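Below is one structure; the comments refer to it alone.
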Amino acid sequence: DFEKGSAKRLDVIQVKSGNMLSVIVDGPEHQPFTNAWRNAIAYGTDYSKVTVQELWEKAQIIYKGYPALLEAAKIQLFGGQ
């Protein structure tokens, strides 16, 4: 889960409330993604120092094997470029 709150704090993506891409995952899939993002970007991180490229690199690892999630992250980060 690339959380909307994290995206806003990072100030690298223009996210309007309720205007972030979503991909449906079932309950058992959701928690491992959340945990992976928490491990990738620790609480207390100075988000102003995290780049879009770093997010993309982490997303490629976290969403490996989940092409719909990876594509949604790519579109959100780069506008689908």
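The values are calculated or read from the model by the stated rules, or taken from the named source; none is laboratory data. Note that this is a predicted model, so its numbers are computed, not measured. Heads up, the Cβs are rebuilt from the backbone with ideal geometry, glycines too, and the neighbour counts pull from every protein chain shown. Accessible surface is based on the protein model in full, side chains and every heavy atom, while ligands, DNA and RNA are left aside. Shrake-Rupley method; radii C 1.70, N 1.55, O 1.52, S 1.80 Å.
Restricting attention to region 31-47, the residues that are closer than 14 Å to I62 by Cβ, open to solvent by less than 40 Å² (accessible area, probe 1.4 Å) and not in a loop (DSSP other than H, G, I, E, B) total 5.
Of all residues in region 48-81, those being of a type in the set (V, I, T) and surrounded by fewer than 16 Cβ atoms within 10 Å (Cβ to Cβ) number 4.
What do you reckon, is V12 surrounded by 13 or more Cβ atoms within 10 Å (Cβ to Cβ), over 13 Å from the mean Cα position of the chain (by Cα) and at pLDDT below 85? The answer is no for V12.
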